[in-house]
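Read through the structure below, which is laid out as C-alpha cells, and then see the notes.
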Amino acid sequence: MGKSLNAKYGMKRVINASGRMSILGVSSPSDTVMEAMKYGGQNYVEIADLVDKAGDYAASILGSEAAIVVNSASSGIALSVAALVTEGNQRKSERLHQDELSKNEVIILKGHNVQYGAPIETMVYLGGGKLVEVGYANEGKAVHIEEAVSERTAAILYVKSHHAVQKNMISVEETWKIAKDKRVPLIVDAAAEGDLQKYVCYSDLAIYSGSKAIEGPTSGIIGGKRKYIDWLKVQMHGIGRSMKVGKETTFGLLQALEEYGNKEDNSEQEKEMLQALTPLGELTGVDVTIVQDEAGRNIYRARILVNPELAKIDASNVVDQLRNGEIAIYTRDYGIRQGFFDIDPRPLQADDIQIIAARLKEIIGGE
C-alpha cells in the first residue's frame, strides 16, 4: 500500500541507505507499533494522566527516577534548557523570552556545537538559554568547562553524537564528575544512542530520540532526576505547548520501548548484506571497505571511495545521480568532500541492496 500511496501523491520510491535520518522519516516502525498507534489514535485518554503514566513506564526502562515523552529529541533540548533556566517557576516559564533570567548560561564544548539538521545553539536559545562555548574545535578538556562555571551557569550540555568532534574530547563520565563537583545540572543529548540505560547514569537529564535506535514514531524521551522532570512538565504550559506529543504517538513509542529490549543484534547479518557491494571494487577507481560507526556504536557500513581521475566521475556526482534517479537512493554523505560516501544497511528492505549495487554499477561503470 505504501508504494501505491507514494504514486498516488506523486512521490518517488525512496531507498534509505543513509541511516535513521530525519529527512527521510527516520525509521520504519513495526506492525505492532503501528497497531498501538492506531489504538491510541482511536481512543480517548486523560492527557495529563497519559503524560505521567507514560513517563513512569519509560523511566522503568531507562532506569531513571522519572521521564517524560516529548515530540522529538530536538524539542527535548529546548525543553530541558527551559526547565533548568526557569527552575520550574511557572511565571518565568510563561514569560520565558520576555523577562530577563539571572541564571541562563549553558556551557558546551565547542566541538559539540553541531548542526544536526538544526543548530544545537538554536534549541538552547529557544529554551531561554545563552550558549557559552568552551574549548576548541579539536580539543575539549575538563578545565575548559570548570573555568567557565559561574553564578550564571544553569547547565552543562554534552552532545553524544557522530556529528560531534570525537578527537580530544573529554568523556561523558568525566563531564558528569565536573557537573557533580560544581553542582551544575548536566544535560546529555544522546538522541541516536542505543544504550538507553547508560546516559541516565551520567546526567541529570538524558535525551533520546524515540524514532532512531528505538524505531518508534517521531518522538523523544527525556529521563532523569525527578525534580528536573517536574520542572520540565511546567514547560508544557509554555513553549512546550507548541511541541505537544499526540496520544497515538505516545502509545506507539511505549510499544516500541517494550519491543526494544527484545531486539536482536543484527550487525553481523548487516555486514554480510553489504558483501553484495564488494564487487563494485572491481570498477576502475572504486574502493569498497566495511567500516564501523564513527561514534563506536555496533553499526557497520560499506564505504565507497571514488577516485575521480580514474573513475572519470567524482563521489559528489555519483550521490547526486543516485538521489535524482527514478528511484531516489539516499546515501550517508558526510565524507563526500574526502571522496567517499557510505551505505548504511539498517534501513534497507527487500531488494534494496541489489538495486543500489546495480545503480552504482550503471553510474560509475557506465553500464
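The values are calculated or read from the model by the stated rules, or taken from the named source; none is laboratory data. Small disclaimer: the values here were computed from a predicted structure and weren't measured. For neighbour counting, all protein chains shown are included, and Cβ atoms are generated from backbone atoms with ideal geometry for every residue, glycine included. Just the protein is used for accessible areas: all its heavy atoms, side chains included, with ligands, DNA and RNA removed. Shrake-Rupley method; radii C 1.70, N 1.55, O 1.52, S 1.80 Å.
Can you tell me which residues in the stretch 331-367 are within 19 Å of residue 28 (Cβ to Cβ) and outside any helix (DSSP H, G or I)?
If the condition is that a residue be within 19 Å of residue 28 (Cβ to Cβ) and outside any helix (DSSP H, G or I), then 331, 332, 343, 344, 345, 346, 347, 348, 349, 350, 351 are the ones that fit.
Would you be able to say whether some residue in the stretch 319-330 is open to solvent by less than 60 Å² (accessible area, probe 1.4 Å), part of a strand (DSSP E or B) and not β-branched (Val, Ile, Thr)?
Checked against the condition, which is being open to solvent by less than 60 Å² (accessible area, probe 1.4 Å), part of a strand (DSSP E or B) and not β-branched (Val, Ile, Thr), the stretch 319-330 yields at least one hit.
Give me the pairs, please: first residue somewhere in the stretch 302-331 and under 19 Å from residue 351 (Cβ atoms), second residue anywhere and open to solvent by less than 10 Å² (accessible area, probe 1.4 Å) and assigned to a loop (DSSP other than H, G, I, E, B), beta-carbon distance under 7 Å, and either six or more positions apart or on two chains.
Pairs that qualify, where the first residue is under 19 Å from residue 351 (Cβ atoms) and the partner is open to solvent by less than 10 Å² (accessible area, probe 1.4 Å) and assigned to a loop (DSSP other than H, G, I, E, B), are 330/18; 331/18.
Out of (1) touching a helix residue (DSSP H, G or I) at 6+ places or on another chain (Cβ under 6 Å); (2) open to solvent by less than 30 Å² (accessible area, probe 1.4 Å), the odd one out for residue 299 is which?
Condition not satisfied by residue 299: (1).
So residue 166 clears everything in (1) out of contact with any Asp or Glu (no Cβ under 9 Å at 6 or more places or on another chain); (2) in contact (Cβ under 8 Å) with a residue 12 or more places away in the chain except one condition, right? Which one?
(1)
Of everything in the stretch 334-367, what is at negative phi and surrounded by fewer than 16 Cβ atoms within 10 Å (Cβ to Cβ)? Give them in sequence order. I'd like the intermediate steps shown before the answer.
Of all residues in the stretch 334-367, those at negative phi come to 334-338, 340-349, 351-365, 367.
Of everything in the stretch 334-367, those that are at negative phi and surrounded by fewer than 16 Cβ atoms within 10 Å (Cβ to Cβ) turn out to be 334, 337, 338, 349, 351, 354, 358, 362, 365, 367.
Considering only residues of the stretch 117-131 that are under 19 Å from residue 236 (Cα atoms) and surrounded by 19 or more Cβ atoms within 10 Å (Cβ to Cβ), which is nearest to the chain's Cα centre (by Cα)?
Among those residues, the one meeting the criterion is 123.
Tally up the residues in the stretch 251-287 that are open to solvent by 90 Å² or more (accessible area, probe 1.4 Å) and assigned to a helix (DSSP H, G or I), please.
Total meeting the criteria: 5.
Which of the residues spanning the stretch 341-362 are modelled with pLDDT of 90 or more and touching a Lys or Arg at 6+ places or on another chain (Cβ under 9 Å)?
341, 342, listed by residue number.
Residue by residue through the stretch 307-321, note down the ones that are closer than 30 Å to residue 160 by Cα and touching a helix residue (DSSP H, G or I) at 6+ places or on another chain (Cβ under 6 Å). Give the derivation first.
Of the stretch 307-321, the ones closer than 30 Å to residue 160 by Cα are 315-316, 319-320.
The answer is 315, 316.
Need the failing condition index for residue 294 against (1) surrounded by fewer than 20 Cβ atoms within 10 Å (Cβ to Cβ); (2) assigned to a helix (DSSP H, G or I); (3) within 24 Å of the chain's Cα centre (by Cα), just the number.
Condition (2) is where residue 294 drops out.
Name the residues in the stretch 145-173 that are surrounded by fewer than 19 Cβ atoms within 10 Å (Cβ to Cβ), outside any loop (DSSP other than H, G, I, E, B) and touching a Lys or Arg at 6+ places or on another chain (Cβ under 9 Å), would you?
146
Go through the stretch 1-97 and tell me which helices (runs of 4 or more DSSP H), entirely inside it, have 2 or more residues that are open to solvent by less than 30 Å² (accessible area, probe 1.4 Å) and in contact (Cβ under 8 Å) with a residue 40 or more places away in the chain. Outline the logic, then answer.
Values: elements: 2-8, 31-42, 47-62, 73-86, 90-94.
Counting at least 2 such residues, we get 31-42, 47-62, 73-86.
Here is a list: 189, 195, 181, 204. Which entry is charged (D, E, K, R) and under 16 Å from residue 113 (Cβ atoms)?
Selected residue: 189, the only one of 189, 195, 181, 204 that is charged (D, E, K, R) and under 16 Å from residue 113 (Cβ atoms).
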